[in-house]
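The values are calculated or read from the model by the stated rules, or taken from the named source; none is laboratory data. Keep in mind the model is a prediction, meaning the values are calculated, not measured. All Cβ positions, even for glycine, are placed from backbone atoms using ideal geometry, and neighbour counts span all protein chains on display. Side chains are part of the model used for accessible areas, which takes the heavy atoms of the whole protein and leaves out ligands, DNA and RNA. Shrake-Rupley method; radii C 1.70, N 1.55, O 1.52, S 1.80 Å.
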Amino acid sequence: MKFTLSWLKDHLETDASIEALADKLSSMGLEVESVVDPAKALEPFRIAKVLEAKQHPNADRLRVVQVDAGAGVLEVVCGAPNARAGMVAVFAPIGAYIPGTKITLDKRPVRGIVSNGMLVSERELELSDAHEGIIELPEAYADKIGQRYADVMGLADPVFEVKLTPNRPDCTGVRGIARDLAAAGMGKLKPEPKLEGVEGTFECPIDIKLDFTSETADACSCFAGRYVKGVKNGPAPAWMQQRLKAVGLRPISALVDVTNYISMDRGRPLHVYDADKLVGAIRARLARPGESFKGLDGRTHQVDPSMCVIADDRAVLGLGGILGGEDTGCSEETKNVLIECAYFDPLRTAATGRKAGIVSDARYRFERGVDPAFVLPGLDLATALVMQVAGGTPSKARVAGTPPVKTIVVDFDTALVEKLAGIKLDEKEIRGTLEALGCKIEGKGQKLKVTLPTWRPDMHGAADLVEEVVRIAGLDRVPSAPMPRAAGVARSVMTETQKRVRRARRVLAGRGMVEAITWSFIPKKEAEAFGGGKPELDLANPISVEMSSMRPSLLPGLLTAAQRNRNRGNADIALFEVGQAYRGAGEKDQLVIAGGVRAGASQMSGAGRHWQGTAAEAGLFEAKADVTALLADLGFDIAKAQITREAPAWFHPGRSGAVKLGPKTVLAYFGEMHPETLRALDVSGPVAAFEVFLDALPASKRKGPRKPALEAADLLPVRRDFAFILDAKVAAGDVVKAASNADKKLIAGVSVFDIFEGASLGAGKKSLALEVVLQPKEKTLTDAEIEAVGNRIIAEVKKATGGDIRK
């Protein structure tokens, strides 16, 4: 938002300096990005009179002129075709910096004649693009010879540029900024001007309609218009043109400039139609399929039924609140106009602007929310200015619909200011601030009823009033207070899940894996391959087609990351990620997972290539070891879980497993990936992977150290081997678990060291050999005690699996 100092003073009586105004604006939340004084750039340029102009003796297109710039007559070489004796121009002396050409003048000969300066054009001063000739001022300026051009032409007017937050639509107009400054004590807000003669005596000859259903009526709730006949559309007054130029707008014509001026002055966009080009009634409605219009930007825009348009009986004229059409635009031949002042829905305006790809000053204001109570006052103000700059006779106003003005009354206790913000202000200051911001207050003392202003859609309740009071008073008045210091060492504030996430990262990194961070969005086909792809997990506005669905698992991202590393020559991969995955739209469908993939040589067994031999490929048991190590470090006793073959379909059915706690709770999946899954992701195999569901783990009951104290025994362990004949379908894990349960105090470990299948055992049978380690703690075991433990092991295995000891 840009405005000039003189423009601000049209609304604010103030003697404050530029620096004070800029500091106060920034302290109130209206951040001043820059303050530019154009007079500084135009400092050396002076009003001058050309006394004599002769043809250059050595050049056909140059003239030698004698110039009086207030310090004597100087000879200047000029190439402008309009340079002539008697004209008043703008002179740049030697040493002046020309902003339009980025050069500094020095004294040098031009075709044999030394030029002692330069007569400049508007483009050279960056005032406009005009460069066909030098600036020619009216003869009335002849008595200003030698004076600064910026002072004479009123260009010594600093320009403020303020960065607005989206919740402050009232400050998209200069008056809104002036209101804030007045509330902060930087001056007095001038009253609204009284407009006379804007309401005509005859009816508006153009009918105005709103064509909406009850469901879409909010697209344009109010459309007001006034017909003005007999206008003369020429250039706008110089003061209006200068202000528009100062804020970066190009003056077009008096009628168009009036709408742009009010938009910047009051934050109220309007539009002026050439009434003679309208056919029948003018209406606001939703667009119809196949309609289009040529906009004032010179482009043809297609519209659809979600967009609010302005149309007559013939065609679409423009997009409501965004862009007008070229067909009904005003020109020099315009004699009769219809001034439009309407209220358009902010959400629909924003959606239409994004869909159409149009960024305009009108859209900027309407999508933030203009003042609904300023529809008719805005129409009257526009009528008055049109009559001032273009003449004409106005009709009576014609209004369709009703402005959506809401009266919001807030019960406000002034003690809330100190309670919520920590700043103590007296009731008089609080009341004065709110009234200066446009609030209407009833009541006395601390308990007030405050009616919020219609131009502040960001204010809703008592907390907003506290914020406004503190904002105007200044955050520097809020006292500093130290944070309370705990008497001892503060306890951990992390949740159990946060602790598990941190621990999981440490454990997996300690196992030689590298952390990766992948996208939470993946292609829908990949999501479907991992049990996802539900409609509720599809993104409404995806970054790309490859990122259209929320991931149901960490593995798709890790697998593609592993393949990218392989494509770059890294053969041995070990990646992990701790993050979230999504199984549905419910709260419990968001999972916290620690996942990992291993490909190539097993990094737990050394390098891939070595003179002692090549390491084995990473597979099922490496993934299982990762899961076991992680669960153990998180405080879960793996012996309490069941290892089953119930891994999902994206794992290899014969080389994968699941860690379960009971029949329903899944703690982890591990194993090699299914070849079909790898082909679907274009990943070369084999690849081992795992996922541990951190939220599914039971709460740890351990209150002491994470690892138990080392129990060392002075007595030697006893090792015994057992071979069992079992059905081929019996899982080795079930045998190991059964053997371990025979004597939990004495048995220190059980491991499988051999598996044999052959015709000698019979069809559907296998032999499984176990090594059992017995660790005595108090005394050496006798043969009888060892024999008794062995018998219990045989009995437990037979009971659990039906297996017999092999003889």
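Structure notes:
- Extreme residue, farthest from Ser17 (Cα to Cα), among residues of the stretch 135-174 that are part of a helix (DSSP H, G or I) and open to solvent by 20 Å² or more (accessible area, probe 1.4 Å): Glu139
- Count - residues of the stretch 468-498 that are free of Cβ contacts under 8 Å to residues at least 40 places away in the same chain and either open to solvent by 100 Å² or more (accessible area, probe 1.4 Å) or part of a loop (DSSP other than H, G, I, E, B) (or both): 15
- For the stretch 208-224, the criterion of being assigned to a strand (DSSP E or B), open to solvent by 20 Å² or more (accessible area, probe 1.4 Å) and polar (S, T, N, Q) is satisfied by at least one residue.
- A single member of Ala742, Ala738, Ala732 is aliphatic (A, V, I, L, M) and surrounded by fewer than 18 Cβ atoms within 10 Å (Cβ to Cβ), and it is Ala732.
- Residue among Leu420, Leu416 that alone is open to solvent by 90 Å² or more (accessible area, probe 1.4 Å) and of a type outside the set (Ser, Thr, Tyr): Leu420
- Among residues of the stretch 743-770, those that are touching a residue at least 40 places away in the same chain (Cβ under 8 Å) and within 18 Å of Ala731 (Cβ to Cβ), counted: 6
- Ile310 β-branched (Val, Ile, Thr), in a strand (DSSP E or B) and either in contact with a Lys or Arg (Cβ under 8 Å, 6 or more places away or on another chain) or surrounded by fewer than 19 Cβ atoms within 10 Å (Cβ to Cβ) (or both): yes
- Within the stretch 544-561, tally of residues that are more than 9 Å from Pro523 (Cα to Cα) and either in a strand (DSSP E or B) or touching a Phe, Trp or Tyr at 6+ places or on another chain (Cβ under 7 Å) (or both): 5
- Tally, over the stretch 780-807, of residues that are closer than 12 Å to Val718 by Cβ, touching a residue at least 40 places away in the same chain (Cβ under 8 Å) and either in contact with a Gly (Cβ under 8 Å, 6 or more places away or on another chain) or not in a helix (DSSP H, G or I) (or both): 2
- All positions within the stretch 506-521 that are open to solvent by less than 90 Å² (accessible area, probe 1.4 Å) and part of a helix (DSSP H, G or I): Val507, Leu508, Ala509, Gly510
- Of the criteria (1) open to solvent by 30 Å² or more (accessible area, probe 1.4 Å); (2) closer than 22 Å to Ala788 by Cβ, which one Glu757 fails: (2)
- Flag for Gly295 being open to solvent by 40 Å² or more (accessible area, probe 1.4 Å), touching a residue at least 24 places away in the same chain (Cβ under 8 Å), closer than 23 Å to Glu333 by Cβ and not aromatic (Phe, Trp, Tyr): no
- Of the criteria (1) in a loop (DSSP other than H, G, I, E, B); (2) open to solvent by less than 60 Å² (accessible area, probe 1.4 Å); (3) within 20 Å of Gly557 (Cβ to Cβ); (4) not small (Gly, Ala, Ser), which one Asp682 fails: (2)
- Near pairs, Cβ below 6 angstrom, 6+ apart or cross-chain, from the stretch 95-106 (under 14 Å from Glu43 (Cβ atoms)) to any residue that is of a type in the set (Ser, Thr, Tyr) and open to solvent by less than 30 Å² (accessible area, probe 1.4 Å): none
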